[in-house]
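> Before I ask anything, here is the structure I am working with.
The values are calculated or read from the model by the stated rules, or taken from the named source; none is laboratory data. Every value quoted in this text rests on a predicted model; they were computed, and no experiment measured them. With ideal geometry, Cβ positions are generated from the backbone for all residues, glycine too; neighbour counts draw on all protein chains shown. Heavy atoms of the whole protein, side chains included, go into the accessibility calculation; ligands, DNA and RNA do not. Shrake-Rupley method; radii C 1.70, N 1.55, O 1.52, S 1.80 Å.
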Amino acid sequence: MRILCLTLAVIALLCAAAGPAAAGAKDETIEDWIPLPKEIAAWRKMMADRGFSFQINWVGDTIGNPTGGTKRTVIHQGRFDFEGDLDFEKLAGWNGLKAHANVFSIYGHGLTHTSILNFATISEIEALPETRLYEAYLEQTLWGGKLMIKVGQQAADVEFFDSETDDLFINGTFGWPAIKATNLPAGGPAPPIAVPGVRVKAVPTEDVTVFAAIFNGNPAAPGEGDPQLRDKHGLAFRVNDAPWLIGQVRYDYALAVGGRALPGNITPGAWRHTGDFDDQRFTASGLSIADPAGDGIARKLHGNYGLFGVIEQTLWRPASVTEKGVSASLPGVTMFARAAYSPPDRNLIDFYADGGIGFVGFVPGRPIDRFGVGIAHMHIGSAARQLDRDTQAFTGLPTPVRSAETLIEMIYEAHIKPGWLLQPYFQYVFRPAGGIPDPNDPSGVTRVGDAAIFGLTTTVKY
């Protein structure tokens, strides 16, 4: 608690020194107050006039767990994101065609893999240290924005199973839910590994948006170990694996409350994978994987699927705000809730739910600062839980039976200056990975302890 209080005190002092944050600073960069040399600024403007723009973002995390996990530690990790965009209309007169590419340069080792061992990655930037290509795609916009087709290496987390309010939070599950990151091969198309695919976005009416995509079903080559090591630089460009398909429909609406319209949206969706998945309990001969009489190799089950839904709702806005649609960057209060299901015989997590609430414009003199609270729950499927009971029966030891992982996050986002954000936060993880055995206990009967995490994320956009 002392660490949290000290962090908040530092943020308050920086905010006071910086003065009130300007409206709209969220989309600006530090170039507004740290100008480029004249020659570089002139070159950058010339390139922008010809259709090419670029940006450099840096995100740094300093995180520690004073309690819980396999050990108590403090780590620092970071990621540089080099982004480039090309507008073919400015370059060659091709209306509606744009290209995007970005490269991650990652350093440090995250807290989840070094200490907590939980499903929901403590920081969304956590990854193995490496420089890798992330996204590289073309997107064509047709009929005045009614249809958009994206082709190339891309991620699914920014559009599918997503809301605006969840972008406030640092934990990776609020970006790419742990039910997908855990159940899909190599974690699916999400940071830090994007996947070749085709995404179609259609807007048939003002209130309805349809998303559909097909991706290569495995971001990295099949094999043992961390998939990030099997595609170290993001250049695998795999296209021959069994495909993964996903689709969703977002419906925008407005609730009339107190004579005012409060916007919201609801998004049902589903996905289907056509590859093979390991049975969570049985071998091909029908024996438990834990049974010493068997070979311990899980049988293969063909195909997999998931169902999911998202709801996001504006709860309050000041009378001066009249923009349509849910926006987590406008003054007011917004909430979100998401849920997903996948069959337990072939998935470790069979049910997932999260939700949260965000506040904007509630701090005097800080009109675009945000704060919020989020919670996520990951339920272990019945087959995996029964396998744990089989292990108890065959070993005679009271080893842990996994149940569920739950976490809570509280965060404040301070816009110190345009393009410079500080986010102190607190997370608490109950039963990491559902209650797995602590690797420090040779008997295997003690589970990894519940963990309290304090962190400070710094973001700089240039």
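> Scan region 2-21 and give yes if some residue there is touching a Pro at 6+ places or on another chain (Cβ under 6 Å) and modelled with pLDDT of 95 or more, otherwise no.
no
> A further question follows. Those residues that are out of contact with any Leu (no Cβ under 8 Å at 6 or more places or on another chain), open to solvent by 80 Å² or more (accessible area, probe 1.4 Å) and under 21 Å from Arg385 (Cα atoms), I need them from region 258-301; list them, please.
Ala284, Ser285, Pro292, Asp295, Ile297, Arg299, Lys300
> What pairs can you find where one residue is in region 81-93 and assigned to a helix (DSSP H, G or I), the other is open to solvent by less than 50 Å² (accessible area, probe 1.4 Å) and among the hydrophobic types (A, V, I, L, M, F, W, C), and their Cβ atoms are less than 6 Å apart, with a gap of 6+ or different chains?
Matching pairs, first to second residue: Phe88/Leu97.
> Testing Phe282 on (1) modelled with pLDDT of 95 or more; (2) assigned to a loop (DSSP other than H, G, I, E, B), one condition comes back false. Which one is that?
(2)
> Could you list all residues from region 440-459 that are part of a strand (DSSP E or B) and open to solvent by 40 Å² or more (accessible area, probe 1.4 Å)?
Applying the first criterion (part of a strand (DSSP E or B)) to region 440-459 yields 447, 449-459.
Across region 440-459, the qualifying residues are Arg447, Asp450, Leu456.
> With respect to the numbered conditions (1) in a loop (DSSP other than H, G, I, E, B); (2) open to solvent by 50 Å² or more (accessible area, probe 1.4 Å); (3) under 23 Å from Thr406 (Cβ atoms), which one is the sole condition not fulfilled by His113?
Of everything listed in (1) in a loop (DSSP other than H, G, I, E, B); (2) open to solvent by 50 Å² or more (accessible area, probe 1.4 Å); (3) under 23 Å from Thr406 (Cβ atoms), His113 misses just condition (1).
> Of the numbered conditions (1) within 21 Å of Ile170 (Cβ to Cβ); (2) without any contact (Cβ under 8 Å) to a residue 12 or more places away in the chain, Val74 satisfies every one except a single condition; which is it?
(2)
> For region 344-379, what are the residues that are among the basic types (Lys, Arg) and at pLDDT below 95?
Scanning region 344-379 gives a single hit, Arg366.
> Please go through region 366-391 and pick out each residue that is of a type in the set (Gly, Ala, Ser) and in a strand (DSSP E or B). Before the answer, list the steps.
Of the residues in region 366-391, the ones of a type in the set (Gly, Ala, Ser) are 372, 374, 376, 381-384.
Within region 366-391, Gly372, Gly374, Ala376 qualify.
> Can Phe211 be described as among the hydrophobic types (A, V, I, L, M, F, W, C) and touching a residue at least 60 places away in the same chain (Cβ under 8 Å)? Steps first, answer last, please.
Numbers: among the hydrophobic types (A, V, I, L, M, F, W, C): yes; touching a residue at least 60 places away in the same chain (Cβ under 8 Å): no.
No; evaluated as a whole, the condition is false for this residue.
> Can I ask one more? Of everything in region 392-439 that's open to solvent by 40 Å² or more (accessible area, probe 1.4 Å) and part of a helix (DSSP H, G or I), which residue is nearest to Phe362 (Cα to Cα)?
Among them, the one singled out is Gln392.
> Going residue by residue through region 317-325, is there one that turns out to be closer than 28 Å to Glu159 by Cβ, in contact with a strand residue (DSSP E or B) (Cβ under 8 Å, 6 or more places away or on another chain), open to solvent by less than 20 Å² (accessible area, probe 1.4 Å) and not hydroxyl-bearing (Ser, Thr, Tyr)?
Checked region 317-325: at least one residue is closer than 28 Å to Glu159 by Cβ, in contact with a strand residue (DSSP E or B) (Cβ under 8 Å, 6 or more places away or on another chain), open to solvent by less than 20 Å² (accessible area, probe 1.4 Å) and not hydroxyl-bearing (Ser, Thr, Tyr).
> May I ask you to verify whether Leu128 is assigned to a strand (DSSP E or B) and in contact (Cβ under 8 Å) with a residue 60 or more places away in the chain?
Here the answer is no, as Leu128 does not meet what is asked.
> Yes or no: Ile179 open to solvent by 30 Å² or more (accessible area, probe 1.4 Å), closer than 23 Å to Pro243 by Cα and at pLDDT 95 or above?
no
> Mind checking which residues of region 188-211 are small (Gly, Ala, Ser) and surrounded by fewer than 23 Cβ atoms within 10 Å (Cβ to Cβ)?
Listed by number, the list holds a single entry, Ala202.
> Collect the residues in region 27-80 that are part of a strand (DSSP E or B), of a type in the set (Ser, Thr, Tyr) and within 11 Å of Leu111 (Cβ to Cβ), keeping them in residue-number order.
Thr62
> Can you name the number of the only condition in (1) of a type outside the set (Ser, Thr, Tyr); (2) assigned to a loop (DSSP other than H, G, I, E, B); (3) within 15 Å of Phe161 (Cα to Cα) that Arg338 fails?
Against the list (1) of a type outside the set (Ser, Thr, Tyr); (2) assigned to a loop (DSSP other than H, G, I, E, B); (3) within 15 Å of Phe161 (Cα to Cα), Arg338 comes up short only on (2).
> Which of the residues spanning region 142-176 are outside any loop (DSSP other than H, G, I, E, B), open to solvent by 20 Å² or more (accessible area, probe 1.4 Å) and among the β-branched types (Val, Ile, Thr)?
Ile149, Val151
> State which residue pairs qualify: first residue closer than 17 Å to Asn265 by Cβ and in a strand (DSSP E or B) and inside region 303-317, second residue open to solvent by less than 20 Å² (accessible area, probe 1.4 Å) and among the aromatic types (Phe, Trp, Tyr) in any location, beta carbons under 6 Å apart, and separation of 6 or more residues or different chains.
Cβ pairs passing all conditions: Phe308/Phe161; Glu312/Phe336.
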